[in-house]
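Colleague: Before I ask anything, let me first share the structure, which is written out below as structure tokens.
Read-outs throughout are calculated quantities, based only on the coordinates presented, and are distinct from any laboratory measurement. All of these numbers come straight from a predicted model, not from anything done at the bench. Don't worry about glycine lacking a Cβ; one is built from the backbone with ideal geometry, like all the others, and counts go over all protein chains shown.
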Amino acid sequence: MTKKLFIKTYGCQMNVYDTERMIDVMAPEGYEETDTPEGADLVVLNTCHIREKAAEKVYSDIGRIRKMKEEKKQSGEEMVLAVGGCVAQAEGAEIMKRAPSVDMVFGPQTYHNLPKMVQKSLSLKSDGEKSRILDTDLAVDEKFNQLSKKDVKKKPTAFLTVQEGCDKFCTFCVVPYTRGSEFSRSVDDILKDAEKLANAGVVEVTLLGQNVNAFHGISPSGQEWGLPQLICELAKIEGFERIRYTTSHPHDMTDELLAVHRDVKECMPYLHLPVQAGSDKILKAMNRTHDSASYMEIIRKLREYRPDIALSGDFIVGFPGETDEDFEQTMELVRTVKYAQAYSFKYSPRPGTPASVMDNQIEEQVKSERLSRLQALLKEQQTEFNNSVIGKTLPVLVEAPGKTDNSVFGRSPYMQAVQISIDNAGFDDLQGKIVDVLIKEGGPFNIQGILAPGK
Ligand code: SAH
Ligand code: SF4
Ligand code: F3S
């Protein structure tokens, strides 16, 4: 009998990738994905610890699911409730204490053991035992060895993790503690996964890593390869027409990697390159290892190599000690770069990080004011970027049905979300194809177009 598995994913793309792998490892055990926790046999919360709000959300979700678990129990059936991901890694023991309805807690590096953990939990339950499972080991090697054997689903886009963890220790960030130290997969392993994806019809692959451009994997001939060599090798795989990578740190943005955007046509003209702040004093206090000038130099070179490149970034406002003047420098940097899109956050003090105990914390109200000013500027820039392609014909990869029956959804090379009106074609004919789209309308969030005439 098939069993139902519900996974809720919080946080970044690494977690999205991990969720897909959890679905893969549970499939041979008879678990099928469902889109509601109600009545599910296994519920996994794949959590994020990056900001306070994200972490607190988990506890309120546990409360909600606990009731569903009790209802299921009343009808004589068990629901296994598991908390995985970065909150689990950071505060596993606390979750166990605070939330007795949670049966198991596991970190981002141990989910390949999920089938075993679930079996154990069920057998403990049938013996009427109360003991629960906590597995937050941080060794990454074993996880990838176990996961690579699985097959993949048919979809035109896919994530492929090539690197995990982080050794940068920005003073605000929990990732080095929740994901562990930097680890690069071997080129052989990555290529094996890549071939599988290509065979399954993947057209666009996004290479993932918390510090993806610090990738340094062992190549088949025993040397170390960086991300540039890896991208060149992946571009040779038949079927891969688009390659993206995220997230990059300015520190590891080598000239060789910048040149890949000029020389490798599969490497898309889009880069997410977080700067965090425009003030050198704040960047130093953040331990970012770059300053605003070195960041701007990367942007200048990138635009020289690939003039149409679209840029994205992350920003934190209200980091301890940030004055009005410091914040103005962030605004100025944004005005100079002109982002195609970006993410921005209020600084959130995270337990165990150096910045959380700095004594010059910024008031909540100041943070909110700065954030809304920054977001207004970024939204303006995003709209401007989207409007700049009106009247142009862009190659768009069709990924999903559109909002209406007469439309499909896809992405431009610049990562813009595109709604395409279709009259004489169906989604099934177009899925996974790169079609020429004449852009008719812009706007802040997505753009609209029609299939280019004559194509
Ligand atoms: N590895 C990536 C992203 C890490 S987390 C990188 O180095 O860029 C994603 C983003 O969350 C960060 O870029 C940062 O802008 C934000 N972030 C991380 N910790 C935060 C905190 N304590 N408060 C607010 N935002 C934070
Ligand atoms: Fe966090 Fe900095 Fe590492 Fe990015 S580089 S994951 S922000 S510590
Ligand atoms: Fe969150 Fe962990 Fe990703 S803390 S941002 S899910 S690495």
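Colleague: Going by the alpha-carbon gyration tensor, a ≥ b ≥ c the square roots of its eigenvalues, is region 3-138 rounded (a/c under 1.5) or, if a/c is not under 1.5, prolate (a/b greater than b/c) versus oblate?
Modeller: rounded
Colleague: Can you put 364, 233 in order, fewest other beta carbons within 10 Å first?
Modeller: 364, 233
Colleague: How large is Rg over Rh for region 393-451, taking Rg from the Cα atoms and Rh as the Kirkwood inverse mean of 1/r across Cα pairs?
Modeller: Dividing the radius of gyration by the Kirkwood radius yields 0.91.
Colleague: Here's a follow-up. Which far-off residues, 5 or more places away or on another chain, put their amide H under 5 Å from the one on residue 422, with H placed in the peptide plane?
Modeller: Counting only residues 5 or more places away or on other chains, the set is 407, 408.
Colleague: Normalised by the number of residues in region 1-78, what is the relative contact order in percent for Cα pairs under 8 Å and 6+ residues apart?
Modeller: 35 percent.
Colleague: Got the relative contact order for the chain handy, in percent, Cα pairs under 8 Å and 6 or more residues apart?
Modeller: Contact order relative to length: 10 percent.
Colleague: Additional query: List, in order, the whole-Hz ³J(HN,Hα) value for each residue of region 438-448 obtained from phi through the Karplus relation with A = 6.51, B = -1.76, C = 1.60 and θ = phi - 60°; use x for Gly and Pro.
Modeller: 8, 7, 9, 9, x, x, x, 9, 9, 10, 10
Colleague: Related question: Once you keep just the Cα pairs under 8 angstrom separated by 6 or more residues, what percentage relative contact order results for region 141-387?
Modeller: With pairs under 8 Å counted, the relative contact order is 16 percent.
Colleague: Which value results for Rg/Rh of the chain when Rg is the Cα radius of gyration and Rh the Kirkwood radius based on the inverse mean 1/r? Write down the numbers at each step before the final one.
Modeller: Details: Rg = 22.9 Å, Rh = 23.6 Å.
Using Cα coordinates only, the ratio equals 0.97.
Colleague: State which entries of 72/120; 168/367; 53/284; 143/284; 155/392; 155/403 exceed 29 angstrom in Cα-Cα distance in the structure shown.
Modeller: Over 29 Å apart, Cα to Cα: 143/284.
Colleague: Using θ = phi - 60° and the Karplus form 6.51 cos²θ - 1.76 cosθ + 1.60, what ³J(HN,Hα) does each residue of region 344-360 get, whole Hz, x for Gly and Pro?
Modeller: Karplus values, whole Hz, x for Gly and Pro: 9, 9, 7, 4, 10, x, 10, x, x, 9, x, 5, 5, 10, 5, 8, 9.
Colleague: What does the charge count near residue 167 come to, summing +1 for each Lys or Arg and -1 for each Asp or Glu among other residues with Cβ under 14 Å from its Cβ?
Modeller: Result for the neighbourhood of residue 167: 0.
Colleague: With a ≥ b ≥ c taken as the square roots of the eigenvalues of the C-alpha gyration tensor of region 141-387, please select rounded if a/c is under 1.5 and otherwise prolate if a/b is larger than b/c or oblate if it is not?
Modeller: prolate
Colleague: Moving to a separate point now. How do 447, 298 line up, fewest other C-beta atoms within 10 Å first?
Modeller: Numbers: 447 25, 298 21.
With the sparsest Cβ surroundings first, the list reads 298, 447.
Colleague: Do the sum for the chain: with -39,500 (n - 2.57) for every DSSP H run of n ≥ 4, divided by all residues, what is the mean residue ellipticity at 222 nm, to the nearest 500 deg cm²/dmol?
Modeller: -11500 deg cm²/dmol
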